[in-house]
Amino acid sequence: KKVLVVSADVYRPAAIKQLETLAQGVGIDFFASNLHQKPIDIVNLALETAKLKFYDVLIVDTAGRLHVDETMMDEIKQLHSAINPVETLFVVDAMTGQDAANIAKSFNDALPLTGVILTKVDGDARGGAALSIRHITGKPIKFLGVGEKSEALEAFHPDRVASRILGMGDVLSLIEHIEDKVDRTQAEKMAVKLKKGRGFDLTDFLEQLKQMEKMGGMTSLLNKIPGANSLPSNIKVPIDDKMTQGMKAMINSMTHKERTKPEIIKGSRKRRIASGSGMQVQDVNRLLKQFDDMQRMMKKMQKGGLAKNDAGNERYDTTRLSRSLTPSKIN
């Protein structure tokens, strides 16, 4: 669709510029406004422009408040009356808890809301605000914000969110997320490379880290995996998405030869890599150890040896494992 966005928020510093930057990032058009204009004049001009230039959708970003006041409510009613929108979506921070439900009620009393967008659902709030808002307003929750970037906006599925709240994971969302974010061309290149026995080097490792970042990081993936909450604490602690940035910086500080043949990375090279990436030598050692572990795993995959454990040659019951992952078992 041909989309135009406009900001009627003349109160919050840089709100208009922020929306302009966001519009550029997602490839849609932005209607310029400024702090000296009245919100009602801004939306009327934007609507007129949208009609003249045959836009399919006009999205109006109005001013938000943590505390509801009469002046603000009068303004929002006036704007709503002027543009008569098809959708009136209330965007609320899940971290505000019960206050979010109270504010939602005030807006619902003042405007004919058609839905709710809940942000910061990736935090510790767990979804209590979603239940309260749905109960108080009776309006559907349409989208969830699960991160800071524009891609971190996903459709709301009640059963999936309930599973996450209960610590049961969300396999369907995980599958959709992987299908949407993983670079298939890159994945196929990797598969061909491994099949031909060319080995797994640090450049490949860097690509895997980038792919994981696209999917929201390890923490986001773990939240969707059933049983991840029951993992031992000594396994959970090392899983820190901030570490990914450091690992990327260290690999980017290496030469092409070092990435291809990490065994040549000794004392002086380690110090140079650590200095160039703002890390410590022990961090470089840790990275090389993690890479070594992954490289061994890749070699096992090449030989079809993942079905054997390290203690002996006993094979896992892969039939039972595959059966446990059928849709009927997920439900």
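Key figures for this structure:
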read-out	value
Formal net charge of residues neighbouring Leu202 (Cβ-Cβ distance under 12 Å; K, R +1; D, E -1)	-2
Spin-label pair Thr260/Thr21, simplified geometry with 7 Å Cα→Cβ offset, distance in nm	4.0
Spin-label model distance (nm) - Lys1 vs Asn252, 7 Å beyond Cα toward Cβ	3.6
Residue-wise HN-Hα coupling along region 257-267, computed from phi with Karplus coefficients 6.51, -1.76, 1.60 (Hz; x: Gly, Pro)	5, 5, 5, 6, 10, x, 5, 7, 7, 10, x
Over 28 Å (Cα to Cα) - which of Lys120/Lys210; Lys38/Lys120; Lys77/Lys149; Lys1/Lys248; Lys1/Lys210; Lys38/Lys139 fall in this group	Lys38/Lys120; Lys77/Lys149; Lys1/Lys248; Lys1/Lys210; Lys38/Lys139
Accessible carbon and sulfur surface of region 71-154 relative to its total accessible area, %, 1.4 Å	51
Heavy atoms of Lys266 accessible to a 1.4 Å probe, total area in Å² rounded to 10	130
Ile141 long-range amide H proximity, modeled H, under 5 Å	Val116
Per-residue SASA entry for Leu52, accessible area with 1.4 Å probe, Å² rounded to 10	120
With all protein chains modelled, accessible area of Arg12 [1.4 Å, Å²]	110
Nonlocal amide H pairs with Met254, under 5 Å, H built at 1.01 Å	none
Charge tally in the Cβ shell below 14 Å around Val43, where Lys, Arg are +1 and Asp, Glu are -1, Val43 excluded	-2
Heavy-atom accessible area ranking, 1.4 Å probe, most first, across Tyr55, Tyr11	Tyr11, Tyr55
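The values are calculated or read from the model by the stated rules, or taken from the named source; none is laboratory data. Since we're looking at a predicted model, the values are computed, not measured. Positions of Cβ are backbone-derived with ideal geometry, glycine not excepted, and every protein chain shown enters the neighbour counts. SASA here: full protein model, heavy atoms, side chains in, ligands and nucleic acids out. Shrake-Rupley method; radii C 1.70, N 1.55, O 1.52, S 1.80 Å.
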